[in-house]
Amino acid sequence: MYATENKLENIEKTQWGFFQFKDKPTNEELTKYYRDKYFESNEHNYKTDYCIEEIRHKTFVNSLILHKAVSLISGVGHLAAYDIGCGEGFMVNEMYKRNFDVKSCDFSNTIEKYFPQYAKSHKQGDIYEIIENDFQKEKFDIITVMNVLEHALDPVALIKILKSGLKENSILAITVPEDFSELQNFLLDKKQTTMRWIAYPDHISYFNHKSIKNFLNDFGLTIVTSLASFPIEIFLLNDILNYDKDKSKGKDVYSIIRDFDLYLSTLDIEKVIKLYESFADLGLGRNITYFCKLN
């Protein structure tokens, strides 16, 4: 359920510039929420079934992120990778395609539906406890944390755990929604949207490309580059396709982005990455992936 402006009183700005809910659910409440509701129903981003074009699109988006991560690592051979909060497992599948040593974890076991061949090596449960234990035993070349940080009750604690799993030359790829952005403020001023991105208990924290840089730098991580997803919110400028004013338009807007990305998948991958890096530099993208290294 999306919050409205009157819930801003429950949100505060942190010292790093990102926003966060003051009153948070308990860890037990969140664990149950993600296990029983978030990943197992059609109420949110995770569906029980995808059409072939949606699967191809998810594959392409994950392949872009992994391709960029690999390109930032030099002088290494066989890679060890860990996908944290892996959801249905599309990133895990891309890692296996590259013959990486792969680990994954999530609050749910949804990966078993889409990629049952990886279920035996997947860990289900409290992902913070899982990775803290795993990182005491092993370090990884690539760690992907896609759309997890905004859900974390304690982002500081999570970042500290993630750092403990990195080698000197490792890449940590963190994907978060671009929220409280300049584009969103522009759309609010034009009355083309509401604060539809504020959602509880789904998202506890709200980052943008400025605040997350402050946050990560403060904990010894340098953002090497960033990669945006298509800036879907530009469609809110058009009343015919405004999916906030008319929720039924959401599917049509997504299909445009999906098919555009699938066209891009036929082009030079390095040029496509440059395009989405440029979007990220401008803070344009519904989600932005930040590729980090230890300072």
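Please treat every number below as a calculation from the coordinates, not as lab data. Owing to the predicted nature of the structure, the values given are computational and were not obtained by experimental measurement. Cβ atoms come from the backbone with ideal geometry, glycine included; neighbour counts cover every protein chain shown.
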Along the range 218-228, what does the Karplus equation 6.51 cos²θ - 1.76 cosθ + 1.60 (θ = phi - 60°) give for ³J(HN,Hα), rounded to whole Hz, x for Gly and Pro? 5, 10, x, 10, 10, 7, 7, 7, 9, 9, 8
Stretch I240-D259 to full length: gain in nm at 0.36 nm per residue minus the Cα-Cα span? 4.9 nm
Return the FRET efficiency for the residue pair N27, K113: r is the Cβ-Cβ distance, R0 is 35 Å, and the value is rounded to the nearest 0.05. 0.85
State, as an integer percentage, the relative contact order of the chain based on alpha-carbon contacts under 8 Å between residues 6 or more apart. 22
For the range 184-201, in residue order, the Karplus 3J(HN,Hα) values (coefficients 6.51, -1.76, 1.60; θ = phi - 60°; whole Hz; Gly and Pro = x) are 5, 5, 4, 5, 5, 4, 8, 6, 9, 7, 9, 7, 5, 7, 7, 9, 10, x
Using Cα springs under 10 Å in a Gaussian network model of the chain, which residue among K247, K139, K24 shows the largest mean-square fluctuation? K247
Between the range 208-226 and the range 259-295, the Cα center-to-center distance that results, in Å: 17
Based on C-alpha coordinates, I'd like the Rg and Dmax of the range 63-169, in Å. 13.1, 36
Pull out a ≥ b ≥ c, the square roots of the eigenvalues of the alpha-carbon gyration tensor of the range 247-290, then state rounded if a/c is under 1.5, prolate if not and a/b is larger than b/c, and oblate in the remaining case. oblate
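Ratio of the range 178-224's C-alpha Rg to 2.2 N^0.38 Å, to two decimals? Present the calculation step by step, with values, prior to reporting the outcome.
On the way: Rg = 13.1 Å, N = 47, 2.2 N^0.38 = 9.5 Å.
Relative to the 2.2 N^0.38 Å estimate, the range 178-224 comes out at 1.38.
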Set of lysines with alpha-carbon distance to K163 below 25 Å, sequence-local pairs under 8 removed: K13, K24, K68, K103, K123, K137, K139, K210, K213, K293
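FRET efficiency for C51 and S248, Cβ-Cβ distance as r, R0 = 22 Å, nearest 0.05?
Details: r = 18 Å, r/R0 = 0.82.
With a Förster radius of 22 Å, E is 0.75.
Efficiency by 1/(1 + (r/R0)^6): what FRET value for N133 and L72, r their Cβ-Cβ distance, R0 = 22 Å, to the nearest 0.05? All intermediate terms of the calculation are to be shown ahead of the outcome.
Numbers: r = 27 Å, r/R0 = 1.23.
Efficiency for this residue pair is about 0.25.
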Given Cβ charges of +1 for Lys and Arg and -1 for Asp and Glu, the option among N10, F207, H67 whose Cα lies farthest towards the positive end of the dipole of the chain is H67
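Hey, what number do you get for the chain at 222 nm if only DSSP H runs of n ≥ 4 count, each worth -39500 (n - 2.57), divided across all residues, to the nearest 500? Walk me through the numbers before you get to the answer.
Values: 10 runs with 103 residues, N = 295.
When only DSSP H runs of four or more count, the value is -10500 deg cm²/dmol.
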Excluding residues on the same chain fewer than 8 positions from K191, give the aspartates and glutamates whose Cα lies under 20 Å from its Cα. E5, E178, D179, E182, E233, D239, D244, D246
Please work out the Cα center distance from the range 134-178 to the range 77-93, rounded to the nearest Å. 12
In whole angstrom, largest first, the equivalent ellipsoid semi-axes that the Cα gyration tensor gives for the chain are 27, 23, 20
